[in-house]
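Data block below; observations after.
The values are calculated or read from the model by the stated rules, or taken from the named source; none is laboratory data. All of these numbers come straight from a predicted model, not from anything done at the bench. Positions of Cβ are backbone-derived with ideal geometry, glycine not excepted, and every protein chain shown enters the neighbour counts. Accessible surface areas use protein heavy atoms only, side chains included; no ligands, DNA or RNA. Shrake-Rupley method; radii C 1.70, N 1.55, O 1.52, S 1.80 Å.
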Amino acid sequence: MELDLSDKVRSFLIEKNKDLLFDELSERFLESGNLKDILTGIPVPITGDATDNFTNLTIAMGMARVIGADPDFRYAEAYRACLRRMYGENAEKVLISEGAKAGGSGDYEMACIYFRTALQLNPGSRDALYLYGRACSDAYNREDLEEAYVGMFKAQAFDIFEELTIRHPDFDMGYYFLGYSYANMGQYTKAQITWQEFMELSRDRKEDGDSSMDPIPADEMQEMREEIGNRLESMEQAVEIEHAVNRILSGDFQHGIDVLTLYEEKYSEWWPLWYYLGVAYAGMEQGEQSVEAYKHALRLSPSNIQVMTELVEVFQSLGDWKNAEKYIEKIRVVQKGMEEEAREQNEE
C-alpha cells in the first residue's frame, strides 16, 4: 500500500526549497555517473553547498530535498529512479542518516523532508516512519510558532504514528508516541489502550539488530515504562470523565451529570467539564442549571462561540429573549474580531 505524503505539512516543507536553483547536468557527468538514461534533459536542484563541491551526493540530496517536500514534483519519478540507481539497497539508509543529522542539528523540517523521501522509496520502512513522526513532534514542540503550523505538524505526527502501529504492530515505540497524540486530543480512552499496549510490548524488549537506529538503552526504556505507568494511573479519572461525556452525547444526560458533578471542584478551571454539564442539564430541560454551567464555562473561555451559541438556545427555550439577543450580539463581536485578525495576518 502506498503511503500518502501529499498531506498536511507539504506547504511548510516546500518553503525550505524556495531558493533552490535548477540546471541540467552535462552529458559527460551523466555518463560518468551512469545516469544518462534517467536524467537527460531533466534539470536537477543545485544546493547552496553544491556549487563548490559538485558530487553525486550533493545532487542526490538536492533531489531528495525536492521530492521529500513535494512528492508530486514534476520530475519526482526520475529523481526517485536516480536515487535508487545511485545507492541501490542502501538508498533508504542514506536518506535516514541525512534526516537524523538534520534533526540532530535542530532542523526538523529538513529531517522530515529526508524521512519522507525514504518513505517514497520504501513506504513500509519502520525506521523512516518512526523518525518522521518524531521529527514532526519535535517540529511543533517549539515556542513562538503559528497556530496553523503547530496544528498541521501535530496532525501529521498523529497520522504517522498511527500508520506505524498499523504497519508494525509489534514495535513498542509506535504506541508510546501514539498514546501522547491521543492524550493531546483529549481521547483518553484510546490513549489508555495504546499505552497499555506499549507497556505489554516493552515488558520483555530486546535490542533490534535489524534497525538503522540506535537501540534504546535499558535504563532509558525503564524510565519510559515508569513514566507511562504513572500516566496510566493518573488517567483513570480522565477516562471516567470521557466516558461520561460520551454518555451525554448519546443522550444519557443523567448519568453524565452524576459523574461530572463529582469532579466540579477538582476541575473547576476546566471549561469543557462545565460545557458538557450545560449540555446535560439542557437535555434534561433544567434550563437554570444549564445557564449556570454554560456561564461558568464562558468565564473560563470568554471568546468561546460554541458555548455562547448553546447559551442562546437555552435562553430562547426559556423565553428570555433579552439575554438571547445579548449573546447573539457577543457572537457577532467575536466573529468580527476573528475575521479582522485573520485579515491582518494575511496582509503581513
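Quick one: which residue in Ala135, Ala148, Ala139, Ala118 is modelled with pLDDT of 95 or more and farther than 22 Å from Met63 by Cβ?
Being modelled with pLDDT of 95 or more and farther than 22 Å from Met63 by Cβ holds for just one of Ala135, Ala148, Ala139, Ala118, which is Ala139.
Does Tyr132 qualify as being open to solvent by less than 40 Å² (accessible area, probe 1.4 Å) and within 25 Å of Glu236 (Cβ to Cβ)?
Considered against the rule, which asks whether it is open to solvent by less than 40 Å² (accessible area, probe 1.4 Å) and within 25 Å of Glu236 (Cβ to Cβ), Tyr132 comes out as no.
What is the number of the single condition among (1) touching a Pro at 6+ places or on another chain (Cβ under 7 Å); (2) open to solvent by 10 Å² or more (accessible area, probe 1.4 Å) that Gly62 does not meet?
(2)
Of all residues in the stretch 66-85 being under 16 Å from Ile42 (Cα atoms) and open to solvent by 40 Å² or more (accessible area, probe 1.4 Å), which is farthest from the chain's Cα centre (by Cα)?
By that ranking, first place goes to Arg85.
Gly103 - would you say it is touching a residue at least 12 places away in the same chain (Cβ under 8 Å), out of contact with any Pro (no Cβ under 9 Å at 6 or more places or on another chain) and under 30 Å from Gln192 (Cβ atoms)?
yes
Ser268 versus (1) closer than 23 Å to Gln192 by Cβ; (2) open to solvent by less than 40 Å² (accessible area, probe 1.4 Å); (3) of a type in the set (S, T, N, Q): which is the lone unmet condition?
Going through the list (1) closer than 23 Å to Gln192 by Cβ; (2) open to solvent by less than 40 Å² (accessible area, probe 1.4 Å); (3) of a type in the set (S, T, N, Q), Ser268 breaks only (1).
Quick one: Thr189 ticks every box in (1) modelled with pLDDT under 95; (2) closer than 27 Å to Ser105 by Cβ bar one, so which box is it?
For Thr189, the failing item is (2).
A quick yes/no check of all residues on (1) open to solvent by less than 20 Å² (accessible area, probe 1.4 Å); (2) over 30 Å from the mean Cα position of the chain (by Cα); (3) hydroxyl-bearing (Ser, Thr, Tyr):
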| residue | (1), (2), (3) |
| --- | --- |
| Arg247 | no, no, no |
| Thr261 | no, yes, yes |
| Gly283 | no, yes, no |
| Tyr294 | yes, yes, yes |
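Would you check if there is a residue in the stretch 137-157 being in contact (Cβ under 8 Å) with a residue 60 or more places away in the chain and among the acidic types (Asp, Glu)?
No.
Give me the pairs: first residue in the stretch 179-193 and closer than 18 Å to Pro272 by Cβ, second residue open to solvent by 50 Å² or more (accessible area, probe 1.4 Å) and part of a helix (DSSP H, G or I), beta-carbon distance under 6 Å, and six or more apart or on different chains, which are they?
Tyr182/Lys190
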